[in-house]
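S.K.: I have a structure here, written as structure tokens, and I will follow up with some questions on it.
The values are calculated or read from the model by the stated rules, or taken from the named source; none is laboratory data. Small disclaimer: the values here were computed from a predicted structure and weren't measured. Heads up, the Cβs are rebuilt from the backbone with ideal geometry, glycines too, and the neighbour counts pull from every protein chain shown. Surface accessibility is based on the protein's heavy atoms, side chains included, excluding ligands, DNA and RNA. Shrake-Rupley method; radii C 1.70, N 1.55, O 1.52, S 1.80 Å.
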Amino acid sequence: MEGNKKMKIINYNKTMDKNKIAKEAFKICGKAKFPVEYEDVYNHLFENEKLILKLLLNDKDNLVGFGVFENYRLFLESQIITMLYLSGMVIEPKYQKKQVSREIIKNTYLQIQSDLISLRTQNIAMAKSLLNAFEDNLFTMPKDQTTTIVEVLKQASPFKNLDERGVIKNCYSNQLYENLKAMKDNFDVQLNKTDALGVIIEPRKEQKVLSLFKNLK
């Protein structure tokens, strides 16, 4: 890993101890002051076997972070567009601000090679991690949204309440992060307490997948 030579990212596999991973992940959530119950952590990590679970280990092979991804197939007329969706990531505080979130995202993309990568969040740091993982590549939501983009993205369950401003309405039961003003300052989008911002990236500019949305009437 860039700048973190002693850390490594590995894939979860079924031979690993689910309960041990869930307990360590729950502790990380506590250290990061992320309000969640143990049962929620366990279910998020292991309830859906189709999820891609990335584990971040330090030099002593202790779990210090994790990322959970989902794969979606979106249909645009006669074309199928693949989208990798980051459904959750938590990093232990002392390992934050070391670009490890960006590295987990890039590591997963290199494995999957999807057309698009997306997330929804109240956390400005996570939005920036996704954008910074693919510098200079095309991105939308909330900058270049169109009616067509919104309707196509609504096929993915995390974006079913997406509006034309790039806001997913009422996707949380309560406010997860205090500083929603950062979203306003960076993206000129005002989030309510239960809203999230949607961000979508096109990792390979030569594909011009997002241009398909814009060319439709």
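S.K.: Could you list, in sequence order, all residues of segment 23-58 that are more than 20 Å from VAL100 (Cβ to Cβ) and in contact (Cβ under 8 Å) with a residue 24 or more places away in the chain?
M.R.: Once the filter is applied, which keeps residues that are more than 20 Å from VAL100 (Cβ to Cβ) and in contact (Cβ under 8 Å) with a residue 24 or more places away in the chain, segment 23-58 yields PRO35, TYR42, PHE46.
S.K.: What are the residues in segment 109-138 that are open to solvent by 20 Å² or more (accessible area, probe 1.4 Å), within 17 Å of ASN71 (Cβ to Cβ) and in contact with a Leu (Cβ under 8 Å, 6 or more places away or on another chain), if any?
M.R.: Answer for segment 109-138, where residues must be open to solvent by 20 Å² or more (accessible area, probe 1.4 Å), within 17 Å of ASN71 (Cβ to Cβ) and in contact with a Leu (Cβ under 8 Å, 6 or more places away or on another chain): ILE112, ARG120.
S.K.: Of VAL68, VAL90, VAL36, VAL41, which residue is aliphatic (A, V, I, L, M) and surrounded by fewer than 18 Cβ atoms within 10 Å (Cβ to Cβ)? I'd like the intermediate steps shown before the answer.
M.R.: Numbers: VAL68 fails: surrounded by fewer than 18 Cβ atoms within 10 Å (Cβ to Cβ); VAL90 fails: surrounded by fewer than 18 Cβ atoms within 10 Å (Cβ to Cβ); VAL41 fails: surrounded by fewer than 18 Cβ atoms within 10 Å (Cβ to Cβ).
Result: VAL36 is the single residue among VAL68, VAL90, VAL36, VAL41 that is aliphatic (A, V, I, L, M) and surrounded by fewer than 18 Cβ atoms within 10 Å (Cβ to Cβ).
S.K.: Limited to segment 32-63, what total is found for residues that are over 16 Å from MET16 (Cα atoms) and either hydroxyl-bearing (Ser, Thr, Tyr) or in a strand (DSSP E or B) (or both)?
M.R.: Residues that pass the stated criteria total 1.
S.K.: Moving to a separate point now. Do you know which of the residues in segment 73-103 that are in a strand (DSSP E or B) and of a type in the set (Gly, Ala, Ser) is farthest from ASP115 (Cα to Cα)? Before the answer, list the steps.
M.R.: Step one: filter segment 73-103 for residues in a strand (DSSP E or B), giving 73-76, 79-91.
With the extra rule that they be of a type in the set (Gly, Ala, Ser), the set shrinks to 87-88.
Working: SER87: 17, GLY88: 20 Å.
The residue in question is GLY88.
S.K.: Could you tell me whether any residue of segment 201-212 is under 18 Å from the mean Cα position of the chain (by Cα) and under 20 Å from ASN123 (Cα atoms)?
M.R.: Scanning segment 201-212 turns up at least one residue that is under 18 Å from the mean Cα position of the chain (by Cα) and under 20 Å from ASN123 (Cα atoms).
S.K.: Identify, by number, the condition in (1) out of contact with any strand residue (DSSP E or B) (no Cβ under 9 Å at 6 or more places or on another chain); (2) modelled with pLDDT of 95 or more that TYR85 doesn't meet.
M.R.: All conditions are met except number (1).
S.K.: Now for a separate question. Quick test of your reading of the structure: GLU70 fulfils all but one of (1) assigned to a strand (DSSP E or B); (2) more than 21 Å from PHE159 (Cβ to Cβ). Name the failing condition by number.
M.R.: (2)
S.K.: Still on this structure: Give the number of residues within segment 71-86 that are surrounded by fewer than 18 Cβ atoms within 10 Å (Cβ to Cβ) and either under 15 Å from the mean Cα position of the chain (by Cα) or among the polar types (S, T, N, Q) (or both). Let's see the steps before the verdict.
M.R.: Step one: filter segment 71-86 for residues surrounded by fewer than 18 Cβ atoms within 10 Å (Cβ to Cβ), giving 71, 73, 75-80, 82.
Subsequent filtering for residues that are either under 15 Å from the mean Cα position of the chain (by Cα) or among the polar types (S, T, N, Q) (or both) retains 71, 78-79, 82.
Residues in segment 71-86 being surrounded by fewer than 18 Cβ atoms within 10 Å (Cβ to Cβ) and either under 15 Å from the mean Cα position of the chain (by Cα) or among the polar types (S, T, N, Q) (or both): 4 in total.
S.K.: Could you tell me whether LYS106 is open to solvent by less than 70 Å² (accessible area, probe 1.4 Å), among the basic types (Lys, Arg), more than 21 Å from LYS160 (Cβ to Cβ) and in a strand (DSSP E or B)? Break it down into steps so the answer makes sense when it comes.
M.R.: Working: open to solvent by less than 70 Å² (accessible area, probe 1.4 Å): yes; among the basic types (Lys, Arg): yes; more than 21 Å from LYS160 (Cβ to Cβ): yes; in a strand (DSSP E or B): no.
So LYS106 does not fit the description; no.
S.K.: While we're on this one: With LYS27, LYS18, LYS50, LYS60 as the choices, which residue is at pLDDT below 95 and farther than 15 Å from GLY88 by Cβ? Please lay out each step first, then the result.
M.R.: Details: LYS27 fails: at pLDDT below 95; LYS18 fails: at pLDDT below 95; LYS50 fails: farther than 15 Å from GLY88 by Cβ.
After applying the criteria, what remains is LYS60.
S.K.: Mind counting the residues in segment 154-192 that are among the basic types (Lys, Arg) and either under 29 Å from THR82 (Cβ atoms) or at pLDDT 90 or above (or both)?
M.R.: Total satisfying the criteria: 4.
S.K.: While we're looking at this one, here's another question. Of the residues LYS14, LYS60, LYS50, LYS18, which is exposed (fewer than 15 other Cβ atoms within 10 Å of the Cβ), more than 22 Å from VAL150 (Cα to Cα) and in contact with a Leu (Cβ under 8 Å, 6 or more places away or on another chain)?
M.R.: Selected residue: LYS18, the only one of LYS14, LYS60, LYS50, LYS18 that is exposed (fewer than 15 other Cβ atoms within 10 Å of the Cβ), more than 22 Å from VAL150 (Cα to Cα) and in contact with a Leu (Cβ under 8 Å, 6 or more places away or on another chain).
S.K.: Continuing with this model, one more query. Since VAL150 meets every condition but one in (1) surrounded by 14 or more Cβ atoms within 10 Å (Cβ to Cβ); (2) touching a residue at least 24 places away in the same chain (Cβ under 8 Å), which condition does it not meet?
M.R.: Looking at each condition in turn, VAL150 falls short on (2).
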